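What follows is one structure encoded as structure tokens, with my remarks underneath.
The values are calculated or read from the model by the stated rules, or taken from the named source; none is laboratory data. From a predicted model like this one, the values you see are computed outputs, not experimental measurements. In this analysis, Cβ positions are derived from the backbone assuming ideal geometry, glycine residues included, and neighbour counts consider all displayed protein chains. Heavy atoms of the whole protein, side chains included, go into the accessibility calculation; ligands, DNA and RNA do not. Shrake-Rupley method; radii C 1.70, N 1.55, O 1.52, S 1.80 Å.
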Amino acid sequence: MYDRLSPHAEEFICGSEIEDTLRYAADNCRNKLLIKRILDQAEECRGLDHRQALLLLECDDDDLNRRLFSIARNIKQRFYGNRIVMFAPLYLSNYCVNGCVYCPFHLSNTSIPRRRLSQDDIRREVTALQDMGHKRLAIETGEDPVMSGMDYLLESIETIYSVKHRNGSIRRVNVNIAATTTDNYRRLKEAGIGTYILFQETYNRLTYEQLHPSGPKSDYCYHTEAMDRAMEGGIDDVGIGVLFGLDTYRYDLAGLLMHTEHLEARFGVGPHTVSIPRICPADDIDPADYDNAVPDSTLRKIAAIIRVALPYTGMIVSTRESQASREALLEVGVTQLSGGSRTGVGGYAEAGGDDGSEQFDISDRRPLDQVVSWLLDNGHIPSFCTSCYRRGRTGDRFMSLVKSSKIAECCAPNAIMTLKEYLCDYASPMTKDKGDRAIKELVDAIESPHIKKMVAESIARIERGERDLGV
Ligand code: SAM
Ligand code: SF4
């Protein structure tokens with residue numbers, strides 16, 4: 001039976017509730033009055049539940065859909081302004097004992113070179129990432145208790161934080177690793193991680209079990225209950241997502257929102273971020289083998305629905321998406337982007353980058369400087385800020401800050417200051433010029449005289465060589 005408060009996966013992601021929701025959405029998708037009322041609720045930033053969201057997904061009325069996109073844009077603007085947080089993935093190891101059929105790291109793939117970074121390799125990778133301008137990483141590994149067990153991961157996190165190259169530093173390490181025990185989550189928290197990220201891949205249990213035929217990840221309930229264990233272990237910033245294309249997007253969007261409702265009900269705080277990856281070509285993986293491909297226009301609608309359903313949750317799009325797709329998704333509410341990414345193990349420090357150890361083919365292959373420049377051209381403010389996490393504004397403390405709209409008082413200044421650091425230390429002359437002009441306009445537009453003075457003084461200090469002045 002469906003119970004969003006239950007600790008059991010079969011109850012908080014109840015298959016029959018998802019089926020009922022899909023039927024309800026199909027039966028009511030022409031009920032304009034009902035949909036209008038849902039959009040009114042969304043417009044008041046009150047969020048939506050999974051049934052309401054699925055109804056919007058099914059709606060094919062052009063006017064109502066236009067209104068949905070416009071509300072999504074306004075909510076993004078209201079809570080996040082023009083800021084887009086930048087990060088990069090860092091692949092530590094591609095050894096994996098699992099059999100995920102969509103991922104080239106699966107155990108039986110013998111054509112891919114297997115690699116694991118040593119601590120010296122990690123120092124080289126992090127130095128290369130710092131030289132690009134990154135401050136925030138997401139570490140990625142395959143699941144292998146011997147090759148990338150918890151001790152290795154904790155040592156690697158310590159190494160990453162210890163590298164200080166020129167003015168560089170990694171100030172937030174997010175972690176995307178296999179589901180683990182509460183005790184291990186506690187150790188990750190103690191190691192100072194930012195967000196713990198784990199994609200559900202699909203919420204359809206039957207499909208999940210077919211796609212994960214072997215290895216620890218084949219245990220659907222253990223995987224689905226991972227965020228509960230993470231929160232019990234003290235990690236209050238968790239990032240969820242599905243891999244779109246594995247099952248139907250309808251089923252997985254309903255599951256994703258039910259997962260959020262469950263975490264909110266049980267722990268008082270929903271996920272910090274939601275990711276919306278689509279399956280990509282990779283070594284022995286052809287997305288054409290999957291029947292559930294999600295068209296660009298549908299992914300855009302999904303992003304808009306997530307934005308209005310979860311107004312206070314960050315939304316992440318990686319370089320799996322092309323420049324054009326990322327542009328369309330940014331417009332409807334995405335808040336975080338990766339840039340200059342490599343998905344191979346050791347891909348940043350080594351000349352040429354790719355050696356066949358990559359997890360998937362990247363669509364947006366532009367270097368970070370080009371991504372920053374393109375964001376500025378499109379009116380966004382690339383932000384390298386990590387202040388909330390470093391000042392303890394995580395979990396419900398972060399959420400209440402966003403809800404009170406006070407985030408604008410710290411996020412906007414922090415975005416300006418960290419962009420200024422990037423421009424001084426890493427940008428090409430053209431990007432620097434564009435960025436400095438954008439910063440001038442932003443500072444001029446700050447209403448509070450007190451904040452304006454503080455930001456102007458901080459910019460002058462950054463120009464004189466000081467760093468890390470976030471509030
Ligand atoms: N190994 C861990 C796991 O599976 O949860 C953590 C990281 S794994 C390196 C990161 C994510 O990459 C997976 O959760 C999966 O959604 C995604 N992925 C795997 N194969 C992919 C593919 N062919 N295209 C796009 N994303 C893929
Ligand atoms: Fe291993 Fe993760 Fe790839 Fe599955 S998705 S094969 S667990 S790296």
Scanning the stretch 132-149 residue by residue, those away from ligand 1 (no atom under 14 Å from the Cβ) and among the aliphatic types (A, V, I, L, M) turn out to be Met132, Val146
Taking the stretch 137-157 and keeping residues outside any loop (DSSP other than H, G, I, E, B) and among the hydroxyl-bearing types (Ser, Thr, Tyr) leaves Thr141, Tyr152, Ser156
Scanning the stretch 105-131 residue by residue, the ones that are assigned to a helix (DSSP H, G or I) and either open to solvent by 50 Å² or more (accessible area, probe 1.4 Å) or within 11 Å of ligand 1 (Cβ to nearest atom) (or both) total 4
If we take the stretch 328-436, then helices (runs of 4 or more DSSP H) inside it with 3 or more residues that are at pLDDT below 95 are 387-390, 395-403, 407-425
Of the candidates Thr141, Thr180, the one satisfying the condition of being in contact with a strand residue (DSSP E or B) (Cβ under 8 Å, 6 or more places away or on another chain) and hydroxyl-bearing (Ser, Thr, Tyr) is Thr141
By residue number, the members of the stretch 82-104 that are out of contact with any helix residue (DSSP H, G or I) (no Cβ under 6 Å at 6 or more places or on another chain) and not in a strand (DSSP E or B) are Asn82, Asn94, Tyr95, Cys96, Val97, Gly99, Cys100, Tyr102, Cys103, Pro104
Notebook entry, point to check: Does Asn31 count as more than 30 Å from Asp289 (Cα to Cα), free of Cβ contacts under 8 Å to residues at least 40 places away in the same chain and away from ligand 1 (no atom under 16 Å from the Cβ)?
Noted result: yes
Expected output for the stretch 141-155 (first residue closer than 14 Å to Gln359 by Cβ and open to solvent by less than 30 Å² (accessible area, probe 1.4 Å), partner within 15 Å of ligand 2 (Cβ to nearest atom) and part of a loop (DSSP other than H, G, I, E, B), Cβ below 6 Å, 6+ apart or cross-chain) is Thr141/Ser148; Thr141/Ile177; Gly142/Asn94; Gly142/Tyr95; Gly142/Cys96; Gly142/Phe105
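Okay, residues lined up against (1) within 13 Å of ligand 1 (Cβ to nearest atom); (2) within 26 Å of Val317 (Cβ to Cβ); (3) open to solvent by less than 10 Å² (accessible area, probe 1.4 Å); (4) touching a residue at least 40 places away in the same chain (Cβ under 8 Å):
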| position | (1), (2), (3), (4) |
| --- | --- |
| Glu158 | no, no, no, no |
| Val163 | no, no, no, yes |
| Glu201 | yes, yes, no, yes |
| Glu209 | no, no, no, no |
So, first residue part of a helix (DSSP H, G or I) in the stretch 283-303, second residue of a type in the set (D, E, K, R) and within 10 Å of ligand 1 (Cβ to nearest atom), Cβ within less than 7 Å, six or more apart or across chains; the pairs are Leu299/Arg278
Among helices (runs of 4 or more DSSP H) entirely within the stretch 158-275, at least 3 residues that are among the aromatic types (Phe, Trp, Tyr) occur in 249-267
